[in-house]
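Laboratory data are not the source of any read-out in this text; all were calculated from the coordinates shown. Bear in mind that the values here come from a model prediction, so they are computed numbers and not experimental data. Cβ coordinates were reconstructed from backbone atoms using ideal geometry, including for glycine residues, and neighbour counts include every protein chain displayed.
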Amino acid sequence: MTDLFFYIFAAITLACAFAVVFSRNPVNAAMFLILTFLGMASLFVMLEAYFLAVIQVLVYAGAVVVLFLFIIMLLDVKEESKAKLKPLTLVASVIGFAILLVGVVGITSSDNIKATTETLPEAAGATLKNFGYELFTTYQLPMQVTGFLLLVAMIGVIVLSKRVKTD
Amino acid sequence: MELSDIAIKSIYAVIVVSVLMGFCSYAVLAERKISSWIQGRVGPNRTSLPFISSIPYIGRFLTRLGVFQPIADGAKFLFKEDITPAHVNKLYFTLAPILSLIPALTTVVVVPFGYYENAAGEVVTLVLTDLNVAILFLFAVSSLGVYGIVLAGWSSNSKYPFLGGIRASAQMISYELAMGISVLPVFMWLNAPGTAGTLSLVDVVNSQGGALWYAMWMPGSFLIFVVCIFAETNRLPFDMAESETELVSGFHTEYSSFKFGLFFVGEYAHMLVGSAIVAILFLGGWHPLPFMTWADFGVHGLLAGVLSVGTLIGKLCGFMFFFMWIRWTLPRFRYDQVMKLGWQMLLPASIANLVLYTFIIYFLERP
Amino acid sequence: MAIVVKRKPLNLLEKLYIPEIARGLAVTFRRMLFGETVTLEYPEQRPPIPAGYRGVPTLVRDPEGREKCVSCQLCEFVCPPKAIRITPGEIPEDSEYAHVEKGPKEFDIDMLRCIYCGMCQEVCPEEAIWLQNQYSMSGYSRAEMVNDKTKLYELGGTLPDEHFKWNKKKEAAEHGGGHH
């Protein structure tokens, strides 16, 4: 049963992610992006990381994509015409795909992944309290760094969008 | 999970959703009646059913009260001609009303509506699922409701709906922040040191039993949350998405018949769930009085179930009335005022409130 | 000169916004509980019609039950939208007032054309056509909206008359006098 659900949600997530990339209509792409996030949220649910799943929906599907749509609608982006691939782009993407392929094959064929025990360890983010505890002890540094990055991004946006008065 | 469990849960879900739909249709009636009373009118008082309406006195009284009006309204929405304008994006035009209704109905899943004591004397909470992250689930799912409005505005391919959709998207995001921060003090108090962490709504209600309700000693949170609920449900004075005096009818200008009906029901379902959340978070849920529970009144067993559900529904109806009452008291904000209120007043106020209650809770709980 | 209304600066309580909202809520709540209902429930309750109201044009009889119209067709000529159609005729021989005057054989007013201007009433030398307080005309077909003679008399009824012209006319005719 659980396996079946995993495959269904994984398939939905992957299919929608592909659709995001291949949609020519930006609104379609944004809608598929929501579906991708929802699919990922359900995968988190399967891992019993409810908090993460809900936050995924709340932040990404509920706020970020709304802003995407907002911008798409305000700018009135028309359907993209087929762009011709530059040779450099083509070469770069082939190399990128090759690296990805090697990575995936390498990980799946290594012994590490097969060595997992049958009993699942309890996820650190399963209950809210554990999640908060881990965030402020074990993962304190990454959290601070992320927060700092977000602060920088925010200040950058404010500086960029502020209209400079010339007089 | 067994198949029979799934079947039972499904049946419960169907029952809850149909009760919610029934409440929606009567909320529409209540809205029309209360509007008319405040404005010195009579309101719907003609629709009558055969047999029932011809009962002397009672039948006439019910007809004058408009009790049969929702049936006529529903039939009208079902059978009117469904016009799809030629210039719309058909897929999203059809999808939008569904997307605005589904999140509103999904949120009921985590809303607890009462408890009863079974034969063994155990307290059983009446809730579809007691999720550990219930309040976040609620915020997350209800934040998806904005897509219905935004897509309706965009796919209508017409200026007024478009403006309505744009306004709605900006407004929803702005007020979600203040709403999320304003409930934090409640959960800070709930998650006292040494207890298992919880964001469950059932625990919120239980913590208010035999104690002060949160609205009484956290009036700041309550006020900010209520304002944000108004903004999130797109009700006056925040109905930027509709604002019929400026945008014809806002995002649903191009909609008619059943699709419009879905938007309509979605709005009221959203309001109902919002009222239930306010009652649960701040007004003591199914507890009849501050410091008192039904058990203190000596009510046990199934009767407690009936009374607790009744109490919650009573509070819910009271808050629904407040929604309608506010509607005819405050004029609509201008768009820049909405943004200013959200970002420059409510957000700082909610953060200040959070800091204040952090200290209060710290001193209250200091051993 | 334009009147400038000075706005008082808000005091602290008013700036807080909440007390003012509460005051507004109190006002609307009072309206709801004690406010007067101004709705007129139309088919059962009717609005009072002021004197001199110009409603649907009707034909009237004099107190002795005679039709006052003598089918002079002045109203037909004066009617701006040409809503009136009159077929003049003689008063039947067996009537007491035969030969005294003429009478309309048919008298139709098309209410889909009538603009309620009241010129027919103004022009009528016999005071036979009156715009009275009837204001609601409805029907399912165009034919139904044309008021014929019986309908017009039914709507018009009898109005008090001071002249009793017909009696005088008859008298004059019988005694061979000229003008009375």
Next on the checklist: Under 8 Å for C-alpha pairs, at least 6 residues apart: give me the relative contact order for chain B, rounded to a whole percent.
Outcome noted: 22 percent
Checklist entry - Is the shape of chain B best called rounded, prolate or oblate, per the rule: a/c under 1.5 gives rounded, else a/b larger than b/c gives prolate, else oblate, with a ≥ b ≥ c the square roots of the Cα gyration tensor eigenvalues? => result oblate
Checklist entry - Mind listing which trypsin sites (Lys or Arg not before Pro) in region B:62-135 are in a DSSP loop and have 14 or fewer other Cβ atoms within 10 Å? => result B:LYS80
Next on the checklist: What does the net charge come to around C:GLU41 if you take all other residues with beta carbon closer than 12 Å to its beta carbon, with K and R at +1 and D and E at -1?
Outcome noted: +3
Next on the checklist: If you average the alpha carbon positions of region B:61-82 and of region A:1-56, how far apart do those two centres end up, in angstrom?
Outcome noted: 41 Å
Item to check | Dipole magnitude of the protein assembly as shown about its Cα centre (Cβ charges: Lys, Arg +1; Asp, Glu -1), debye to nearest 20 | outcome: 1920 debye
Item to check | 5 angstrom amide H check on C:LYS102, placed H, neighbours 5+ away | outcome: none
Next on the checklist: Between region B:265-317 and region C:115-180, what is the separation of their alpha carbon centroids in Å?
Outcome noted: 71 Å
Checklist outcome for this item: Counting only Cβ distances under 4.7 Å between cysteines, those in chain C with no partner are C:CYS69, C:CYS72, C:CYS79, C:CYS114, C:CYS117, C:CYS124
Checklist entry - Summing -39500 (n - 2.57) over the DSSP H runs of n ≥ 4 in the protein assembly as shown and dividing by its residue number, what mean residue ellipticity at 222 nm do you reach, to the nearest 500 deg cm²/dmol? => result -18000 deg cm²/dmol
Checklist outcome for this item: Rounded to the nearest Å, the spacing of the alpha-carbon centers of region B:1-59 and region C:23-95 is 43 Å
Next on the checklist: As a footprinting exposure proxy, order C:GLU20, B:GLU267 by other Cβ within 10 Å, with the fewest listed first.
Outcome noted: C:GLU20, B:GLU267
